[in-house]
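**Q** Following this message is one structure expressed as structure tokens.
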Amino acid sequence: MPLPHVLLSAAVSLDGCLDDSGPERLLLSSPADFERVDEVRARVDAILVGAGTIRADNPRLLVNSAERRAARVAAGEAEYPLKVAVSGSGELDPAARFWHTGGEKVLLTTDDGARRARALGIGADVVSLGPALDWHAALEHLHDRRGVRRLMVEGGGSVHTQLLQQELADELQLVLAPLLVGDPAAPRLFGPGAYQSGRLRLVESRRIEDVVLMRYRPTAPGTGGRVAAADRHWLGLACELAELCPPSDTAFSVGAVVVAADGSELARGHSREGGDAVVHAEEAALAKIAPDDPRLARATVYSSLEPCARRASRPAPCARLILDAGVRRVVTAWREPDTFVTGPDGSGVLAAGGADVVVLPAFEARAKAPNRHLER
């Protein structure tokens, strides 16, 4: 199912603390960074926090700039992003500022939590996700029922931890403050547990007064049929590569990326690359990798279009090239139509060869865009 783009936002001390254990909130960001956060809030569809953050910080979570709110309204959006609280128990203070400021609010909770929240008179649309909290169900609800495409998560540490461990976070915006808390009871950004392997990719670092903003994205692919946030990033890149293809009336425009299990990009390619009128995207990418590269066995091929099962221009179709290279996982956006061959079934060839094939239909429109002329 399509999910929102999930952006985790947090400020931490040099020793990784979100706060100290005192009664007053420890301010870690600088005034200029608070302004940056306000700008990010104005660009998202919803802002989410866990119950612990509401209890500890009593936040309002508003877009403070009148100009930014006016710009949202001018663009046809609500003045404030949707405010989302998540609580398993539903035991929250109905007088908290979260419920009485800003625009629309929703509480995502459990069956038992919904009964408690309604009895307390919580000022929000109370939505039960079932007997237990389910982050996939929460994100699907926000995407499908609330129209949320970009979700900003502002805490707390347990929420950030769960979303990262379940590979649902698309981006981490981390502000490092020049403070040392040194309090063993202080809340920390991330808790122990099993995280996805591989290095995060640093996409930006910026000094803002006396703090440093660092933006990271996960890069390690999922495994088998399990979809990770990085799968969406890499398939998006494959769709971008498809736009580089010289147009053709006799072949599709396709982009492909080969990514190792640790998130390292091994190669990329696109149809008709380098002036070769018949080269396919997967073929172009795989040709740049040594055939004995041991990383291929656990790599993922991302292709904007399902790898071909038959072709007239070369002896081996791309599905066979992928299997012969040892790759056993393919993520694609669009099943091949029968525009040029009858009954194409690259996924069937791959599956018969022991490969897992994952289709992400949310990217289909992007994959089709460079091929619109073929639909005439």
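Bear in mind that the values in this text are calculations on the coordinates, not laboratory data. On a predicted model such as this, the values are computed, not experimentally measured, just so you know. Cβ atoms come from the backbone with ideal geometry, glycine included; neighbour counts cover every protein chain shown.
**Q** How many nm separate the modelled label positions at ALA132 and ARG206, each set 7 Å beyond the Cα in the direction of the Cβ?
**A** 4.0
**Q** Just rank LYS368, LYS83, LYS288, fewest to most, by other beta-carbon atoms within 10 angstrom.
**A** Result, fewest neighbours first: LYS288, LYS368, LYS83.
**Q** Considering the Cα trace of segment 1-145, what is its radius of gyration and what is Dmax, both in angstroms?
**A** When restricted to the Cα atoms of segment 1-145, Rg and Dmax are 15.8, 42 Å.
**Q** Given the DSSP H assignment, sum -39500 (n - 2.57) over each helix run of at least 4 residues in the chain and divide by its residue total; what's the result at 222 nm in deg cm²/dmol, nearest 500?
**A** On the way: 12 runs with 101 residues, N = 376.
Dividing the helical sum by the residues of the chain leaves -7500 deg cm²/dmol.
**Q** Percent antiparallel among DSSP beta bridges with both residues in segment 229-375, to the nearest 5?
**A** Values: 9 of 16 bridges.
So the antiparallel bridges amount to about 55 percent of the total.
**Q** Something else now. Within segment 160-179, list the residues whose amide N lies under 20 Å from a label point set 7 Å along Cα→Cβ of ALA75.
**A** Hits in segment 160-179 for ALA75 at 20 Å: 170-173.
**Q** Next question, about the same structure. Let's test the formula: R0 of 41 Å, r as the Cβ-Cβ distance of LEU27 and ARG226. What FRET efficiency results, to the nearest 0.05?
**A** Details: r = 39 Å, r/R0 = 0.95.
Efficiency computed from Cβ-Cβ geometry: 0.55.
**Q** Okay, next question. Nearest 10 degrees, 0 to 90: what angle lies between the long axis of helix 31-43 and the longest principal axis of the chain (Cα atoms)?
**A** 60
**Q** Pop a pseudo-label 7 angstrom from the Cα along the beta-carbon direction at both ALA316 and GLU67 and give the gap in nm to one decimal.
**A** 5.8
**Q** Hey, of (1) 11; (2) 20; (3) 23, which did the structure itself give for percent of Cα pairs over 41 Å apart when calculated?
**A** The value matching this structure is (3).
**Q** OK, next. Using Cα atoms only, what is the angle between the long axis of helix 135-144 and the major principal axis of the chain, expressed in degrees (0 to 90) to the nearest 10?
**A** Compared with the principal axis, the helix lies near 80 degrees.
**Q** Using a Cα-Cα cut-off of under 28 Å, which lysines could be cross-linked to LYS105, ignoring same-chain neighbours fewer than 8 residues away?
**A** Of all the lysines, those that pass the test against LYS105 - Cα under 28 Å, at least 8 places apart if same chain - are LYS83.
**Q** For a quick check: sort THR110, THR53, THR342 by the number of other beta carbons within 10 angstrom, fewest at the front. Intermediate values should be presented prior to the final figure.
**A** Details: THR110 20, THR53 25, THR342 6.
The most exposed by this proxy come first: THR342, THR110, THR53.
**Q** Further question: What is the pair-distance distribution P(r) of segment 164-207, computed from all Cα-Cα distances in 5 Å bins starting at 0, with each bin given as a whole percent?
**A** 5, 13, 22, 22, 19, 18, 1
**Q** Could you work out the relative contact order of segment 229-375? I mean the mean sequence separation of Cα pairs under 8 Å and 6+ apart, divided by the number of residues, in percent. Don't skip to the end; give the middle numbers.
**A** Numbers: 310 pairs, mean separation 32.1, N = 147.
Dividing the mean separation by the residue count of segment 229-375 yields 22 percent.
**Q** Let me ask something additional. Rg and Dmax of segment 229-375, using alpha carbons, in Å: what are they?
**A** Expressed in Å, the Cα Rg and Dmax of segment 229-375 come to 13.5, 40.
**Q** Sticking with the crude label model, points 7 Å out along Cα→Cβ, report the distance from ASP111 to ASP324 in nm, one decimal please.
**A** 5.5
**Q** Now a separate question. Which of PHE190, PHE34, PHE363 moves most in a GNM of the chain, Cα contacts under 10 Å?
**A** Per the Cα network of the chain with a 10 Å cutoff, PHE34 tops the list.
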